[in-house]
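Here is the structure we will look at, set down as structure tokens.
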Amino acid sequence: MIEESGTGRLRLRNGQVVFDRFLEAGGHPISRAEIARMTGLSKPTVNALVSDLEQAGMVRRVSSLQPRGRIGRPAAAYELIPETATVVGVDMGATKTLAGIADLSGEVIAMQRLATPSHAGAAVEAAAAAVHRLVEDLGERGSRLEGACIGVPGVYRPSMDRVEMAPNLPGFADLPISAELSRRLGVSVTIENDVNLATVGEAEAMASEGVKDFAAISIGTGIGMGMVVDGELYRGAHGAAGEIGSVKLPRVGGDVFHALTLEDVASAPAIRKLFHRAVEAGHRSGLAGGVDVPVIFAAAMEGDEAASAALRIAADAVAFATSYFCWVNDPAIVVFGGGVGANPIFVNAVRARIAKYLTVVPKMVPSTLGGPAAFLGAVSTALSPVRNSLVAQRLARKTRR
């Protein structure tokens, strides 16, 4: 084990550098010689650190590697042990909750979907119970939890450990959510806005494209936006950046909406109301009552008058609100997610209308991650501090002086 002296701290830092190479290898075996070349550390140092990581159960030796075009004894190869630590990710939506457990490599090894209770306290209890079931089902692997991240449909205030601005899931006012979930799960719990987490998931999916400035707008039961500025998630001074659903719409699609917000006009419940209003106003429709938004959009593409009117008004509202953000932040891409936003019909309708508000239109695309985007962002957020602290936790031995 490593002492926490000056030399020990250097050893821990180098141990993290070596461990990071295993993470970057993505499950592929690498040799100690390769690690030395990649890190610039000496071979004796790398050999010692890999031995420390192996003894701590973080990496393991596998079949030796034979370098290309070379003869002689193959090099000893090692790989990450993904199950050495696990994390919890939860997307607590207004109507549905997705809870899961992922290993150190980010692979989801257990998952459960459930309906979200209508009160925040019950929703937290249901999410914690779901995690406990998953942990129990995993057996020994489930006992290796190191962290958790929970996405919530509102703005989280860390200084008060409270969630605010969550009208679609009431009951957060007197709930210290991080403390409560940390107690229930037995690990440190990070709380984050669900749309911010979806943005984190989108950022990872787009990392290979080199995009550093984009917005992810989620439209479903509610509407929210996450922003990545210069490669970093932007939360704002009070954690409320991206609340695009609260934008007031003075005039949309030729109709006057007095003090209505974007969420009042373009969320899933609002689009259903727009459709029924259009029918009541005399627009022809072949759809029966109670239809859901995807059916309305599909009918609009077939020329259904009432469905087309609902799609037009909602898309124009989103184009109007999005244009204001684009004028200020100039994103390269706007990604639309959520049950409404990820629908290609809706994205095309917004794209067709936003040009009348902008001189330069950003690339506008539906999310490729779909429903699990916020959950995947929660997993990534939970993993980050674990990956950065696990070496110190497993290798360091503190000594009192």
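The values are calculated or read from the model by the stated rules, or taken from the named source; none is laboratory data. Just so you know, these numbers come straight off a predicted model, no measurement behind them. As a convention, Cβ positions derive from the backbone with ideal geometry for all residues, glycine included, and neighbour counts pool all protein chains shown. Just so you know, the surface numbers come from the protein's heavy atoms only, side chains and all, with ligands and any DNA or RNA stripped out. Shrake-Rupley method; radii C 1.70, N 1.55, O 1.52, S 1.80 Å.
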- Quickly run through region 135-171 and pick out the residues that are closer than 17 Å to residue 182 by Cβ, open to solvent by less than 40 Å² (accessible area, probe 1.4 Å) and out of contact with any Asp or Glu (no Cβ under 7 Å at 6 or more places or on another chain). 135, 145, 147, 148, 150, 161, 163
- Please find, among 62, 50, 46, the residue that is surrounded by fewer than 15 Cβ atoms within 10 Å (Cβ to Cβ), without any contact (Cβ under 8 Å) to a residue 40 or more places away in the chain, more than 26 Å from residue 187 (Cα to Cα) and of a type outside the set (S, T, N, Q). 62
- residue 5 passes all but one of (1) buried (at least 16 other Cβ atoms within 10 Å of the Cβ); (2) at pLDDT below 90; which number fails? (1)
- Which of (1) part of a helix (DSSP H, G or I); (2) open to solvent by 20 Å² or more (accessible area, probe 1.4 Å); (3) hydrophobic (A, V, I, L, M, F, W, C); (4) free of Cβ contacts under 8 Å to residues at least 60 places away in the same chain does residue 320 not meet, given it meets every other one? (4)
- Note on the structure: So, first residue farther than 17 Å from residue 205 by Cα in region 377-390, second residue assigned to a helix (DSSP H, G or I) and of a type in the set (Val, Ile, Thr), Cβ within less than 9 Å, six or more apart or across chains; the pairs are 390/84
- Message: Quick check on residue 128: is it touching a residue at least 24 places away in the same chain (Cβ under 8 Å), aliphatic (A, V, I, L, M) and in contact with a Lys or Arg (Cβ under 9 Å, 6 or more places away or on another chain)?
- Response: yes
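Here is a yes/no grid of residues against (1) crowded, with 24+ Cβ neighbours inside 10 Å; (2) touching a residue at least 40 places away in the same chain (Cβ under 8 Å); (3) touching a Ser or Thr at 6+ places or on another chain (Cβ under 8 Å):
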position	(1), (2), (3)
199	yes, yes, no
202	yes, yes, yes
207	no, no, no
210	no, no, no
217	yes, yes, yes
223	yes, yes, yes
230	no, no, no
233	no, no, yes
238	no, yes, no
- Tell me which residues, restricted to region 337-352, are touching a residue at least 12 places away in the same chain (Cβ under 8 Å) and in a helix (DSSP H, G or I). 338, 339, 340, 341, 344, 345, 346, 347, 349, 350, 351, 352
